[in-house]
Amino acid sequence: MTFASSHRSVLQALLAGTALLFSSSAVAQAQETPPEPAPTGEVAPPAEPSAPVPPAALPPPVAPKEKEKEKTKPWYETIRLRGYTQVRYNRLPSFRVNDSLINEQGDRFMGKDTGFGIRRARLVIFGDVHPHVSIYLQPDFASVIGDQYNVAVMRDWYADIFVDAKKEFRFRVGQSKVPFGFENLQSSQNRLALDRNDAINSALKDERDLGVFFYWAPEHIRARFKLLVDSGLKGSGDYGVVGLGVFNGQAANRAERNNSPHAIARVSYPFLFGSQYVEVGAGGYYGRFNLSASPRDDAAYALARGPNMVDARAIVSLTVYPQPLGFQAEYNIGRGPSQGSGPDDALLIDSRNLQGGYAQLMYKLDGVGGVSLIPYVRGTLYKGGKKAETNAPRYDVRELELGAEWQIWKALELTAAYVIADRTSSRYPYEQEQGHVTRLQLQFNY
């Protein structure tokens, strides 16, 4: 066999194999694929109906991409921001001006040589980082330290740890408001009066401390607490129907100075009385406050029975929410660090009796487009020490405040207040001062 005939035989064999392969593929395709449509002009025979597929055999529906993304959304995408700023001016004309009338625990812009000031500049970072954990972080960029204004200071920095799925039981761990009273817990963003009253606020400087608190409230009461804030009725927020806790007791942003934490308990319940919401509450705390006496000018103060003094108070609260007429009152009694009130013991600091409270009447006038005007009048009485101030001076406060809050838009509020005061000065030698102050505050919410 020649070379050419050999190649010709191989080529014929390859062609025969290829033809056989194509013919087998065509048969298989004819069995698997439906018949070709009939040529033009001919009617194709009807296809045999296929059996219906039972629902159980259908594949599960595929979730939309948006839902898939929401399921796997990282915690930092659930964090939200909000806040508010309060700008004040306290030098408007008054009937009786007294530049020695000051309140360092309240408004630092009272007194002489003051003008415009930023009372609060808050930014809140909050959100759920887990189904059982939420965070709340709030710095204030308008704090005062010494003669330095507009200093950033931490106010709140805590986590709420929910025990159950309904979020009725929770632990709050970190620096937060101590559950004492109503107005102390009410945000300054919602409060009518420009500053908190001396009688209750003297219990806790900046209303906060570092500790662990347990709160319980049924699901429908938690919704009610939220409604009383969101509806503009000036609620205090959700601090539980029952609140229990332990905290350092030396006030916010200060180190513990003894091994004796304060303990606190509070109950508060909002309910409908006819068509008006009412909230009643009571509570108290006990601990020992560490105070060091410091010489002031010509006075050398002494401590009685050591620096760790009994610090204890009990309080009752009543709030009738403005629908449209409202009423709010609190009263507390107790013992706390204080200078003496007489000439014989004025320089002796001891744990002494204290008492005082306030009452406030308000009326909510709702206008067109959600605009509202809330005039109010508040009277305050307090006799007792202020443990957070140097040497715990003893105060005698009698104050009347008349004002009105105008909610122009949700993002903007204007408050005007006229204060008639007879109060102890915050500065040595702690003289009693009388005077009137006219103040304006513009608040913008974001």
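The values are calculated or read from the model by the stated rules, or taken from the named source; none is laboratory data. Everything numeric here is computed off the predicted structure, so don't read it as measured data. Cβ placement follows ideal geometry from the backbone for every residue including glycine, while neighbour counts extend to all protein chains displayed.
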Kindly list, by first and then second residue, each pair from a residue in segment 74-98 that is touching a residue at least 60 places away in the same chain (Cβ under 8 Å) and more than 14 Å from residue 446 (Cα to Cα) to a residue that is among the hydroxyl-bearing types (Ser, Thr, Tyr) and not in a loop (DSSP other than H, G, I, E, B), limited to pairs with Cβ atoms under 6 Å and residues at least 6 apart or on different chains.
-> 92/438; 94/438
Do we have residue 423 as under 28 Å from the mean Cα position of the chain (by Cα) and not β-branched (Val, Ile, Thr) here?
-> no
Which of the residues that make up segment 397-446 are hydroxyl-bearing (Ser, Thr, Tyr) and within 17 Å of residue 109 (Cα to Cα)?
-> 415, 418, 424, 425, 426, 438
All conditions in (1) in a strand (DSSP E or B); (2) surrounded by fewer than 16 Cβ atoms within 10 Å (Cβ to Cβ) are true of residue 381 except (2)
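Per-residue answers, yes or no, for (1) surrounded by fewer than 22 Cβ atoms within 10 Å (Cβ to Cβ); (2) among the aromatic types (Phe, Trp, Tyr); (3) in contact (Cβ under 8 Å) with a residue 40 or more places away in the chain:
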position: 361; (1), (2), (3): yes, no, no
position: 364; (1), (2), (3): yes, no, yes
position: 367; (1), (2), (3): yes, no, no
position: 374; (1), (2), (3): no, no, yes
position: 402; (1), (2), (3): yes, no, no
position: 427; (1), (2), (3): yes, no, yes
Can you tell me how many residues in segment 339-368 are not hydroxyl-bearing (Ser, Thr, Tyr) and not in a strand (DSSP E or B)?
-> 11
State whether one or more residues within segment 133-149 are surrounded by 13 or more Cβ atoms within 10 Å (Cβ to Cβ), on the phi > 0 side of the Ramachandran plot, under 14 Å from the mean Cα position of the chain (by Cα) and modelled with pLDDT of 95 or more.
-> no
Those residues of segment 398-431 which are at pLDDT 95 or above, in contact with a Ser or Thr (Cβ under 7 Å, 6 or more places away or on another chain) and closer than 16 Å to residue 198 by Cα, in sequence order = 399
Out of segment 329-368, which residues are hydroxyl-bearing (Ser, Thr, Tyr) and under 32 Å from the mean Cα position of the chain (by Cα)?
-> 331, 338, 358, 363
Do we have residue 196 as modelled with pLDDT of 95 or more, in a loop (DSSP other than H, G, I, E, B) and buried (at least 18 other Cβ atoms within 10 Å of the Cβ) here?
-> yes
Considering residues that are in contact with a Leu (Cβ under 9 Å, 6 or more places away or on another chain) and of a type outside the set (Phe, Trp, Tyr), the number found within segment 279-310 is 14
What is the one condition in (1) touching a residue at least 40 places away in the same chain (Cβ under 8 Å); (2) more than 16 Å from residue 206 (Cβ to Cβ) that residue 155 does not satisfy?
-> (2)
